[in-house]
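A short reminder: the numbers here are calculations on the coordinates, not readings from a lab. As the structure is a computational prediction, the values presented were derived from the model and not from experiment. Note that each Cβ is placed from the backbone with ideal geometry, even for glycine, and that neighbours are counted across all protein chains shown.
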Amino acid sequence: MKRTFLVAWREFTSVVLTRGFLLGVLMVPVIAAISIGAIFLMRNQQAPRAVGEVAIVDRTGLLTDAIRKQFSAEGQKAEGAETTAKINQQLDKLPLDDAQKAQIKNQTAAQVENASDKSDLNVTIIQPGDLEATKEQIKNAKIKVSDTEGEARPVIALADLVPGLITPNEAGVYEGFKLFTAPKLSFEVQRRIENNISRAIVDVRIATDARVKASGMDAGALKAMLASPRAETITVSTAGETKSIGPLRMLIPMAFMALMLISVMTSGQYLMTTVVEEKSSRVMEVLLSAVSPMQLMVGKILGHMAVGLSILLVYGSLGVVGLLISAMMDLVSPLTLVLLVVYFLIAFFTIASLMAAIGSAVNEMREAQTLLTPVMMLIMLPWLLWMPIQRAPNSMFSTVLSFVPGVNPFVMVIRLGGEESIPTWQIPASIGVGLLAVVFSAWAAAKVFRIGVLMYGKPPNFKTLVKWVRMA
Amino acid sequence: MSSTNAITIKGVTKTFGTKVAVSNLDLQIPTGKVTGFIGPNGAGKTTTIRMIMSIIFPDSGELSVLGKQSAVESKDRIGYLPEERGLYRKMKVGPFLTYIAKLKGVDGSAAEQKARAWLERVGLKETWKKKCEELSKGMQQKVQFISSVIHEPDLIILDEPFSGLDPVNRRLLRELIDEQHRAGRTIIFSTHAMFEAEALCDQIFMIHQGQKMLDGQLADIIAQFDPRALVVEASPEIETSSAIATLTRLSGFERVRPDRDRPTVLECTLAEGVTSQDAMRRVLDALPVRRLERKRAALEDIFIDVILSTGQNGSPGGMNRFDPEHREKLKLELATAGSEPNS
């Protein structure tokens with residue numbers, strides 16, 4: 001027993017204390033955290049800017065003033081305020097606590113406050129005859145983010161505004177407009193120009209429409225009427241009323257399954273690699289002169305189980321911390337987390353035994369590939385099954401799969417992560433099936449392992465492996 | 001130890017598929033002796049050793065190791081250096097030796113001390129923190145040897161310990177083995193190097209095609225294969241051809257011929273009924289000599305002779321066992337036959 005643990009400890013440290021593992025496994029969450037942080041930081045940055053002239057061909061003769069107003073410094077501020085309002089509306093939907101929301105709101109408000117007093121984009125009105133010449137200018141325009149002393153702003157966009165924009169045809173349909181832009185103009189700036197012109201057009205439409213005038217309706221009231229209402233979705237459950245978090249809910253079963261797959265796969269791969277390495281470097285005989293094949297195999301499996309569990313714990317606890325931060329911990333019950341570990345162990349022992357057996361049977365990693373294919377298929381199956389199971393956790397399909405050895409730990413974890421609660425009896429029953437699978441695969445693996453570790457030469461095929469299992 | 005034999009093998013047979021690796025083998029390895037396992041490649045040496053180690057199990061027959069039914073029960077008292085060298089490539093030398101020592105039942109701190117002491121002993125003190133893959137082949141082999149004796153076993157089994165070592169390290173290893181021997185440990189080693197076997201062994205066990213060919217004390221075996229010949233080297237002032245003529249004229253020699261490699265050394269085969277004592281006296285009377293001795297059978301010659309006498313390799317019956325020409329031819333055949341992998 002002591003030796004089994006010695007083997008297990010060496011296996012564990014030889015994997016966990018390598019630079020590759022620390023970088024590969026532990027750095028991933030760190031990198032994820034850094035990039036999420038970076039995204040947040042970048043969101044606080046202002047959108048890309050560009051200074052320049054927007055040329056307008058106003059064939060309606062009505063739009064000039066409205067467009068100038070939109071592009072003025074005041075218009076720019078008003079636009080900023082509007083965007084902030086939209087962001088705040090989205091923010092209210094996010095499951096963050098009030099203090100955090102308030103902080104973000106203050107930040108964006110401050111940004112609007114500090115926005116430049118000088119407008120980035122000027123409006124130049126040109127004659128229809130100058131259209132082609134202006135296009136030529138745009139073609140060669142160099143985009144600048146700030147003004148240069150003594151240099152005129154380049155023309156970066158040209159809008160051709162036709163009367164049909166303001167006056168609808170007989171069917172009541174308005175026309176669109178063409179906007180010519182410089183080749184390297186950023187999408188955000190382009191959108192801003194579009195939006196400003198569109199807003200101006202709508203304002204002018206309302207202001208000039210005979211029906212509106214006739215009804216004596218206020219333009220602001222009309223705009224407010226047309227805005228889409230915002231909805232607040234609340235989930236009603238026995239636990240009380242909570243704000244619905246929509247897509248996040250769907251991600252939890254996925255996260256559970258991915259977490260388990262990553263930890264089982266990584267540790268299983270490490271296990272197989274070390275067995276193959278010991279065989280090909282012939283350390284095997286030295287080891288077998290000190291421990292029995294069984295002690296060696298059990299020790300290795302236990303060691304790599306610890307590796308898998310550490311991966312599970314690192315990622316899992318990061319997930320839990322994430323949920324705690326966003327006050328969503330009630331999505332996952334502690335019992336579910338315990339069951340996650342239980343199902344991990346079942347999946348790990350089943351797959352690790354197979355991996356150990358395959359590793360023991362071959363001489364080098366290359367030869368392992370063919371034998372590994374069925375195991376890989378078993379592991380890939382949950383990825384394909386995730387969607388249907390997640391959508392209908394209690395369907396006949398999901399229930400039956402919960403009792404298919406090999407895949408059932410993954411299926412159960414997906415079901416447990418979902419919203420629908422599953423019949424209680426299915427949990428112990430599926431654990432039972434899982435344990436049977438563990439016993440069977442460990443038994444078969446032990447037989448293969450004992451013969452395989454000292455077999456060199458032609459790698460065995462599946463038939464040979466089955467023969468080894470059947471041998472007494 | 002209660003029994004005088006460290007290892008007893010009775011009627012052991014092991015087959016791999018249709019190939020009989022070891023057939024009905026009986027063998028006793030006396031405690032405290034150095035026993036050499038010799039035999040051509042594929043003869044069954046490694047199979048026998050692996051059975052002793054309980055790494056594989058015999059199909060039939062009985063085996064007892066250090067008084068126990070199987071080596072599993074006395075693993076900690078056995079040190080084993082497998083034929084195929086293996087170390088954890090990425091593991092550091094010090095931790096590797098400590099790990100192996102612990103696996104063999106040495107306590108934690110003692111294991112580390114022993115590992116350090118041993119590395120210093122073989123001149124590898126600086127390699128403690130080096131990865132095993134960074135060592136040269138010879139260094140790796142030394143580390144492996146340490147891993148097989150670090151737990152101070154009573155029985156040490158070394159499969160081909162000398163292969164791949166340079167002369168300096170060969171000598172070092174010979175000293176280390178000798179040291180273990182003096183400490184009263186039973187040592188078994190298999191080898192192709194007859195010179196090492198002759199220098200180190202008390203006992204010789206030879207196996208060929210799964211069957212025991214020789215088993216006994218080295219001195220007895222050598223006596224048994226007495227070539228009945230004298231080695232004569234005449235004084236330098238005497239022409240070799242005239243020396244040959246003089247010796248041929250003497251009664252008592254069946255044949256006189258120069259050594260293949262050193263033509264001034266003459267090999268004189270004794271005639272039937274002539275004692276070496278008589279023959280030597282006659283040589284001394286007839287010729288001023290620089291060197292005169294009884295030819296002693298080299299283990300290498302015995303080895304080849306035994307294989308030859310099994311009829312394998314197409315040896316014609318009745319041929320002189322010590323005919324040098326035939327021997328050379330056979331050596332060549334053995335060398336080429338030996339290139340097939342060991343099973």
(message) Cut-off is 10 Å between beta-carbons; in what order do B:PHE253, A:PHE462 appear when sorted fewest neighbours first?
(response) A:PHE462, B:PHE253
(request) Hey, could you grab the Kirkwood Rh for the range B:5-219? Inverse mean 1/r over distinct alpha carbon pairs, Å, one decimal. (result) 17.6 Å
(request) Cross-chain or 8 or more residues apart, Cα under 16 Å: how many lysine pairs in the range A:246-470 fit that? Count them up, please. (result) 6
(message) Let me understand chain A better: what is its radius of gyration from the alpha carbons, and its Dmax, in angstrom?
(response) 33.0, 102
(request) Quote the FRET efficiency, to the nearest 0.05, computed for A:MET225 versus A:ARG191 with a Förster distance R0 of 30 Å and r equal to the Cβ-Cβ distance. (result) 0.75
(request) Treat each spin label as a single point 7 Å out from the Cα along the C-beta direction, and report the A:TRP443 to B:ALA183 distance in nm. (result) 4.5 nm
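Mean shadow of the protein assembly as shown, computed from the convex hull of its alpha carbons, in nm²?
If you wrap the Cα atoms of the protein assembly as shown in a convex hull and average its projections, you get 59.6 nm².
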(message) Explain nothing, just the number: dipole magnitude of chain B about its Cα centre with +1 on each Lys and Arg Cβ and -1 on each Asp and Glu Cβ, in debye rounded to the nearest 20.
(response) 1060 debye
(message) Is there a quick way to get the dipole size of the protein assembly as shown? I mean about its Cα centre, with the Cβ of Lys and Arg at +1 and of Asp and Glu at -1; what is the value in debye to the nearest 20?
(response) 780 debye
(message) I'd like the distance between the alpha-carbon centres of the range A:149-213 and the range A:365-400, rounded to an integer number of Å.
(response) 54 Å
(request) Using a 10 Å cut-off on Cβ to Cβ distances, tally the other chain neighbours for every residue of B:268-277 and report the average as a whole number. (result) 0
(request) Assuming R0 = 35 Å, can you tell me the calculated FRET efficiency for the pair B:LYS68 and B:ALA199, based on Cβ-Cβ distance, to the nearest 0.05? (result) 0.65
(request) Residues in the range B:209-224, backbone N under 20 Å from the label point at B:GLU293 (7 Å along the Cα-to-beta-carbon vector): list them, ranges by number please. (result) B:218-224
(request) Can you find, among A:VAL448, A:GLN369, A:ILE346, the residue farthest towards the positive end of the dipole of the range A:322-462? Put +1 on the C-beta of Lys and Arg, -1 on that of Asp and Glu. (result) A:VAL448
(request) Quickly work out the B:SER309-to-B:ARG121 label distance, labels modelled 7 Å from Cα along the C-beta direction, and quote it in nm with one decimal. (result) 3.9 nm
(request) Rounding to the nearest 20 debye, state how big the charge dipole of chain A is about its Cα centre with +1 on each Lys and Arg Cβ and -1 on each Asp and Glu Cβ. (result) 2040 debye
(message) Under the 0.36 nm per residue contour assumption, what length would be gained going from the current alpha-carbon distance of A:LEU17 and A:THR373 to full extension?
(response) 125.2 nm
(request) Could you line up B:GLU233, A:GLU188 from fewest to most neighbouring Cβ atoms inside 10 Å? (result) A:GLU188, B:GLU233
(message) As an exercise, use a Förster radius of 22 Å and the Cβ-Cβ distance of A:THR464 and B:ARG89 to find the FRET efficiency, rounded to the nearest 0.05.
(response) 0.20
(message) Please give the Cα centre distance for the range B:109-155 versus the range B:23-95, rounded to the nearest Å.
(response) 21 Å
(request) For the range B:5-219, build the charge dipole from Cβ charges (+1 Lys, Arg; -1 Asp, Glu) around the Cα centre, then report which of B:ALA115, B:ASN5, B:MET206 sits farthest towards its positive end. (result) B:ALA115
(request) Pop a pseudo-label 7 angstrom from the Cα along the beta-carbon direction at both A:VAL341 and B:ARG262 and give the gap in nm to one decimal. (result) 7.7 nm
(message) Which one, A:LEU312, B:LEU284, A:PHE5, is farthest towards the positive end of the dipole of the protein assembly as shown when Lys and Arg carry +1 and Asp and Glu -1 on their Cβ?
(response) A:PHE5
(message) Using only DSSP helix segments of four residues or longer, with each worth -39500 (n - 2.57), what per-residue ellipticity at 222 nm results for the protein assembly as shown after dividing by its residue count and rounding to 500?
(response) -17000 deg cm²/dmol
